[in-house]
Structure formats: C-alpha cells, structure tokens
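The values are calculated or read from the model by the stated rules, or taken from the named source; none is laboratory data. What you are looking at is a predicted structure, and each value in this text was computed from that prediction instead of being measured. Neighbour counts are summed over all protein chains in view; Cβ atoms, including those assigned to glycine, are modelled from backbone coordinates with ideal geometry.
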Amino acid sequence: MSVTLADIEAARKTIDGVVNKTPVLFDEKLSMQLGTNVYLKAECLQRAGAFKIRGAYNTISQLSDEEKRRGVVTGSAGNHAQAVALAAKLHNIKATIVLPEFAPLTKVVATRSYGAEAVLYGKTFDEAVAYSRQLEREHGYTYVHAFDDERVIAGQGTIGCEIVEALPNVTTVIVGIGGGGIISGIAIAIKSLLPGVRVIGVQARNVSSVKPSLEAGQPVEMPSKPTIADGIAVKRPGEKTLFIIRDYVDDVVTVTEEELAAGVYHCVQNAHIVVEGAGAAAVAALLAKKIELTETDVVCAVLAGGNIDGNLLARVIEQVLVRQGRYIVLKLLVLDRPGSLAAMLEEVAASGANVVEVNHQRAIWLAPLGYTGIEMILEVRDETHGREVTKHLEDAGYHVEREGQGDWEE
C-alpha cells in the first residue's frame, strides 16, 4: 500500500484554502427511522459540486513545470471533469476533458465554464477514458486519472480526516464506490486514525464490479446496465484502489435504481440537500437496510456529489412519489355530454385530491358509444388517501380502475 496517512495529511496542507471543509450534518429523520445516529458528510456542497476537486487539485499541484506546460487530459463521467477543469484553471494550465456522449448536460456545461475543452466521446465512462488516453498519446498531454493515482487517493482521503475530527465517536462510515478512489482514501484515513471503525462501500447494482474483482483477486470488467448513479458507473475498479479496498474496506453492498432514487428523494425532501444518484448511494444503502446497525452506532454517510440535472431530479422525485402512493392514476368513464367532466372533477375535489393531469380517451379504449374515457393523474396525501379517493368516486356512481405501476426489468 503506497498511500499513507502522512500522504493524506500532506494533501490537506496542499488543498487548504482551496477546497471547502464540508459540513457533517445530523440526519434526524433517518436516525429516527433506523433507530441509530446518522450523520451526512455533505461533499455535495464542495466546489465544483463534488469531492473530486480534492484529488484533482492535489495531483495537479504536484506536476512538474514541464507536465503543466503540456496541459492535462482526463476521461470522466462528469464530476472529475469539473474538478480537473477547475484545478487546471486555478493553476493557469490547459485542460482537455473527455466525457461520455450522454453525460448530464449540467456537468458538460460546468466543465466548459471553467475554461476546459470538453470532448464528448463514447457511450460509457470506460469508452471516454480510452479516448482520453488516445489524446494523451497523440498530443503529449499529462494524464490526471480519476481514481487510480496515489495523489488522487490521498486528496480524497482528506474527507476521512474531516469525518474523524467532526465525529470522533463514529463507528461506521459508508461511501459509494465507482473506481474506488474516494473509498480508498477515506478508508486509509479512517483506519489509521480509528482502527475499529467499519468502512462500508456501496455500488449501483447495475454497475457493480468490485465484489467480482475481489473474488478474482484482480480488477475485472463486468457487464453493466444504465444507472442514475453515473458518477459511480465504472465497469472496472482501479489496480491500486482494488487492493486498498481489499485491505481496508469491511464490506461492499449494492443498491438498485429504485433504492438510489429513494436515496436522492430522502436527501432532498428530508435532509434538504440536493444530491445526484451516485452521491445518494450511501443513504440508499441505509434506507434499504443493507447494513446492519445497532442503536449505539454513530454512522456517517458520505454524500459524494450534487451535480444532478434538473430534469432528472424532477423525474426521480416524481417516480418516488408514485411509489409512495402520492401520485395515483385512475381510469373511469363519464357520459359524453357537456358538464359530465366538470361534475366528475367536483367529486374529485370533494375527496381532497388534487388533479395533476386529465386526458380524454375515446376510440383508443373502445369506450362504449355515448361515453368517453377519462384518465387522471391525481396527487393525494398517501396510499390510504388514494384508496379513499377511489372509493369516493365509486360511491358517486363511477366505474373506476386504478392503474398499477409497470413491472419493468431494470
């Protein structure tokens, strides 16, 4: 293991005054729900919106004048892109960043706003990285790796030092894993300062290569599916980070897309913090009860980033509301004559539901002649209220069918 606590402490001095010392916040609602003490390390409030600036700035600070003169290049899913772009700007050097073609627009725009050249290439993080390596060879750029570099790992490890200072009685630290840079640095810092603390990693189930790699004894690439946690959508862990994970991380769990969405929703609705899918991985694992806890535990979940596109955030929140029974879809028939829809909507209002959307369906439903089909999306208080609204409409004489949720494979 080539990264030590001394390296992490040196990185703290390097990045001092550049990065934010992000807050550790008590999550009262999650603590009550789990029956233990849960804190959130809000790296989503970091400069450039994620923890990545720590490692990127530490790395670029240590480049030689010749390496800086050539300019830097990297491949990134988006957060490392912004971090390298910002760190390069602060050092007044050129940066070329390769992102996947479908990288969130907010991350592409932010990368360019720091003055970097953002190149869109490939459908995945790994394809973007491969092309960035090609540009490195063709132009002689200096490469700044997203995670598999001792300087990057040391920079990310400064988060662990801050956690220990804020929570000297912490018992469990939970961190998302993509390539393994952040959990490697945090685990080294935590285990060096508080050896008895558990460090748990979390991967998106749709892109989860760490456990198979640990079993194989070397990094292996696994098949993947799309995930809202694009920040940890890395199909193969790093050479250096895998063995740090093996030696310092106590367990690795996975979370589904539905669980990630619930994590994002919880942070926004209950903790009042905006996070992206990858940033919510640790909270998602807690909500899904993937980690055994006792009432005496002091848990710190790292919210690694907050760079989520506004449209995606809206869709995530809406989908969770549907799953919680806050939005319901009803189908019913009304007479196809003036005033019938208004009369039906009066009954909806009397039930206390709020109309979000109304659509007429005639021929496509093969509604009986003389009737028209109505499809409504209603906002209700909870699942119980949704059932009460349905019964109220049935008691008013309407035949009502409630649409179920799609049984889709992720």
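What to note about this one:
- Of all residues making up region 216-242, the number that are crowded, with 19+ Cβ neighbours inside 10 Å and hydrophobic (A, V, I, L, M, F, W, C): 6
- Test: residue in region 342-356 that is under 30 Å from Q46 (Cα atoms), modelled with pLDDT of 95 or more, surrounded by 14 or more Cβ atoms within 10 Å (Cβ to Cβ) and not aliphatic (A, V, I, L, M): no
- Of all residues in region 32-67, those being over 14 Å from Q82 (Cα atoms) and either assigned to a loop (DSSP other than H, G, I, E, B) or assigned by TED's automatic domain parsing to the domain that holds K94 (or both) number 11.
- Complete set of residues in region 196-255 that are part of a helix (DSSP H, G or I) and either under 15 Å from the mean Cα position of the chain (by Cα) or free of Cβ contacts under 8 Å to residues at least 12 places away in the same chain (or both): R205, N206, V207, P212, E215, A216, D230, G231, I232
- Failed item in (1) in a strand (DSSP E or B); (2) under 31 Å from the mean Cα position of the chain (by Cα); (3) buried (at least 17 other Cβ atoms within 10 Å of the Cβ), with G386 passing the rest: (1)
- Check on D148, of a type in the set (D, E) and part of a helix (DSSP H, G or I): no
- Leading residue by the ranking (surrounded by the fewest Cβ atoms within 10 Å (Cβ to Cβ)) among those in region 128-139 that are under 14 Å from G78 (Cβ atoms) and at pLDDT below 95: V129
- Screening G352 with (1) in the same structural domain as N270 (by TED's automatic domain parsing); (2) in contact with a helix residue (DSSP H, G or I) (Cβ under 8 Å, 6 or more places away or on another chain); (3) not aliphatic (A, V, I, L, M) gives one miss only, at (1).
- Residue in region 172-188 that is on the phi < 0 side of the Ramachandran plot, surrounded by fewer than 24 Cβ atoms within 10 Å (Cβ to Cβ) and among the hydrophobic types (A, V, I, L, M, F, W, C) present: no
- Candidates Q62, Q33, Q82 - the one that is of a type outside the set (G, A, S), crowded, with 24+ Cβ neighbours inside 10 Å and in contact with a helix residue (DSSP H, G or I) (Cβ under 9 Å, 6 or more places away or on another chain): Q82
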